[in-house]
Amino acid sequence: EEPFEAISIIAPFAGNRQESQIPLLRNRRLRNLLRMQANQRHDTVPKRAERVERKQNADGILSSMQQPVLSMICGALVLALLIRLFDQLLFCDDTGVVELCAMIAFAVGTAFFYKRPQRKDSLKTTQAPIRPRKGQVRQLPAQRAAISSNDDSVALRVREVTESCRHGEMALAEARLAQVIRSKALGAGHDGLIQDMLKACVEAGDAVRAFAWVQMLLAEDRLPKKCLQVIMQSLIDTGEKDKAQQLLLRAVSSGASADISCLQLLFKYCVAPHDIGNVEDWVRRLCSFAEEEQTLCFLAILQTPRFASSCDEIDYWTDRAIQLSRPACHASFRNAAIQAHARLGATKVAGRQLEKMKAEMQPSSAPDLASYSAMVIALAQKGEHETAESWLSDMVMSGVQPNAALFSAALRACSNQDDGAGVERWLNLAKDHCVKLQSLPCSSAVQVPARCGDPDMAERLLRSLEDMVVDTSTYNLVVSAYAKKGDAEGAERIVRLMCEHDIEPDVVTLGSAVHASAKDGKQDQAEAIFDLILHRGKTKPDAIGFNALINASVKAGDTKRAELWLSKMIEVGVAPSVVSYTTVLHAHARSGDIDSAEKVMERMRQKGVEANVVSYTALIHACVKAGDIHRAERWFEVMHHAGIQANAVTYSSLLNVCAKAGDHERAERWLIQMCNDGVAPTEVCFNNVIDACAKANFPERAEVWLWRLAGKQEGADCTTALEAARLGLAPTRQSFTSAAQAYAKLGCYKEVERLMQQMEERGMLMDEFSLTVQLSAYGRARPRQRELAEATFRRHHARRLPITRPPLRVLKSLLTAAKLQDLLLELGLKEEELSEFPDNKRPKYDTRTAKLPRSRQRHA
């Protein structure tokens, strides 16, 4: 099962290659392996390589002679033909066969004389170094055992070892490395090549072989410092933790200095914290070699989270390190202990350590910059800014000046916690201590309030950084924060601040600032910012900036201006995107201008820009505004043939135009097709169908769709897709009001009362629209139900539900004006104080929105 282990045991007996003398070798596989090892001992690899090289030299000589011989034959033939032609032209008599043969022989001799091969010494060529090809193993020549001490030759040999590793030829690479090491030609200038060679061996997946190579290099004292960590990490990754420990011990014992990263790997992966004996053994070994290794050992223990998982463990190892080390190293151990306590969040224990350092009153153990920085940063991470500031003051009073790294770390800690107040505080402290920060921590500090939606604080921080290095991206953060908030004045202030400090705005600044003005509905301000940035002459607008300008014109209702900016966009060479054309389509859709919208769609097609579902939906919405249902359906078919799947907004627009026309059959057909196409309808889609049935004076049909929305299957034409599509939906107040309105037109007040009662049973109270519908049902009933209308109004007022002028007008038609005034006076209402539509309580139903807000549907 383990033949290589068997080889290591029996190999000393196989030196004479007489297998019959070993009675234990009954396994054919083991005999073959031993035979291979014996062949390698007799060094047959270089002999085989010599034969290959001799054969290649012979082939090179033959190939070099082929071209002169061919040239000689061709020259002879050409010369014979020329002589024949010359004879025919000068002499009339025909020459005989003998003369012709003589001329040909003379031509061949002449060509042979001028085209004779070169001397043998000139045929010698310089052989290029044999490099292994992928998939082919080339053996090493025997004469390469004595490698020249030339640096170029050594570098070439090491590169050959690296290439062999990359091609997977590990045996050849090891043989070449052995010859390089035997040549004693490796020097300090080859550390980079050795490091690349060992990395290639590790990347080839042979960490054990890399371990053996490192031992070979350690024996020659030629191992670079950085390679030890790489090999240890590879051994740990492959599970060879014992070999990693052996490698580190061999390196330290041979005089190589161990890096702290190697010791951290040792204590992090190889040595268990509960194995105190093993830890003490390593401490004793490292202490026996050099004092530097002892110091690094204790620092690695304190910096390893496994050994510093509690305050007691940190104190134990700190005291142990102080006992075994010189006083000059005590400050380093105290600093490591403070950092370990801070990492655990034990700022009070870390403070006691710092106070202990101050109480010792020794120059070697006095707190330094690292001590105070660890303490201050730990307090900043916990949000204890006042305590951190007190330690900072103590630090300055002790004669230790803070640096930029301390404030950058404190700012980074506050940024990770989105602590805008802490960021502002530490920036002011850095300014008070005259510490100049770099651009990255400043940008991170400004990003915190900008990300939290506080652009005013971000602007204050930005203005406080005017004397520091601030780049364009930092300004863009504040401009984007104002753009998200819709504050056009704030975005313009930041842009002008950039221009004052000679910070050139880029396309991101342009797009964000114009978008802020567009979102605020300020078209003139958007164009002014656009011109301000472009007149500087260093920023060229892109499609995003022009789209923001077009959007500003659309929101301002200036369709012609939007068309103008689209044309200018094409003039300056900026290709309009689908967003550009779609924004102009939305402008025409708002005004219901179908012809202009169709022209924009045609321009879009001519420019090679493919329209998406938003573009077609905007065009369909223009048809909805104009009430042209046939045109809307035609564009829907065009979109379907183009392979674009309609979404809920597209179907909602079609259902809206059907509802306005009172075409309930077409509305029902579109809703069913919507479900069959796999597009989930919303409550708005069902409300449009209910409204279409109500306008067509089909109250029973409207109520059927109301209960389908409620989850009750009524009617034989309710398909399975429609049943599945309405899962999770529920009727809204608008649904009950629209269904009740159909009965109210016919004067069926009892049906209206029934629907209103069922609506309230579902937790939805009546609003001003529901009250208007119910009062209109009493007014259209025959006979009129004045008493019920007055009782309903009184009950509505007693429940403190909203009342507006529309229900008063309906009640005035039922009662006389005098009786209405008496009723309002009795209830303490004044008609002139009531509004038409209370915006703070009226639910907004937008047919262009696919999803209706549930909070507005079911508020009580």
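Length gained on full extension, K607 to R590: 3.7 nm, using 0.36 nm per residue less the C-alpha separation. Using the 1.4 Å probe convention, the accessible area of region 445-521 works out to 38 Å² per residue with neighbouring protein chains retained. Full extension of the chain between Q323 and E292 yields a length gain of 9.6 nm, computed as 0.36 nm times the residue separation minus the alpha carbon distance.
Applying a DSSP loop filter and a limit of 14 other Cβ atoms within 10 Å to the trypsin sites (Lys or Arg not before Pro) in region 475-551 leaves R536, K538.
Report, in listed order, any pair from K243/K268; K599/K625; K745/K812; K519/K660; K268/K348; K484/K555 with a Cα-Cα distance greater than 25 Å. Table pairs above 25 Å Cα-Cα are K519/K660; K268/K348.
Quick one: go through region 471-488 and flag any residue whose amide nitrogen is under 20 Å from the point 7 Å out along the Cα-to-Cβ line of C499. It comes to 471-483, 487-488, nothing else. Among the trypsin sites (Lys or Arg not before Pro) within region 352-447, which fall in a DSSP loop and have no more than 14 other Cβ atoms within 10 Å of their own Cβ? Those that pass, being in a loop and sparsely packed, are K436.
When a 1.4 Å probe is rolled over the protein heavy atoms, the share of accessible surface on region 279-405 that falls to carbon and sulfur comes to 53 percent.
So what is the accessible area of region 164-241 per residue, in Å², with the probe set to 1.4 Å?
On the way: 3380 Å² over 78 residues.
Here the residues of region 164-241 average 43 Å² of exposed surface.
Ordering 822-831, 331-340 by mean Cβ neighbour count within 10 Å, with the highest value first, yields 331-340, 822-831. Label-to-label distance for K184 and L344 is 5.5 nm, based on points extended 7 Å past Cα in the beta-carbon direction. Among 765-773, 207-215, sorting by the average number of other beta carbon atoms lying within 10 angstrom of each residue, highest first, gives 765-773, 207-215.
What is the percent carbon and sulfur in the accessible area of region 521-601, measuring with a 1.4 Å probe over the protein chains and ignoring ligands? For region 521-601, the apolar C and S fraction of the accessible surface comes to 53 percent. Between the beta carbons of L827 and E665, assuming R0 = 60 Å, the FRET efficiency works out to 0.85 to the nearest 0.05. Counting 0.36 nm for each residue step from S309 to S253 and taking away their Cα separation leaves a gain of 17.1 nm.
The values are calculated or read from the model by the stated rules, or taken from the named source; none is laboratory data. Since the structure is predicted, the reported quantities are computational estimates derived from the model, not experimental observations. Note: ideal-geometry Cβ built from the backbone for every residue, glycine included; neighbour counts use all protein chains shown. Quick note on the areas: whole protein, heavy atoms, side chains included, nothing else; ligands and nucleic acids left out. Shrake-Rupley method; radii C 1.70, N 1.55, O 1.52, S 1.80 Å.
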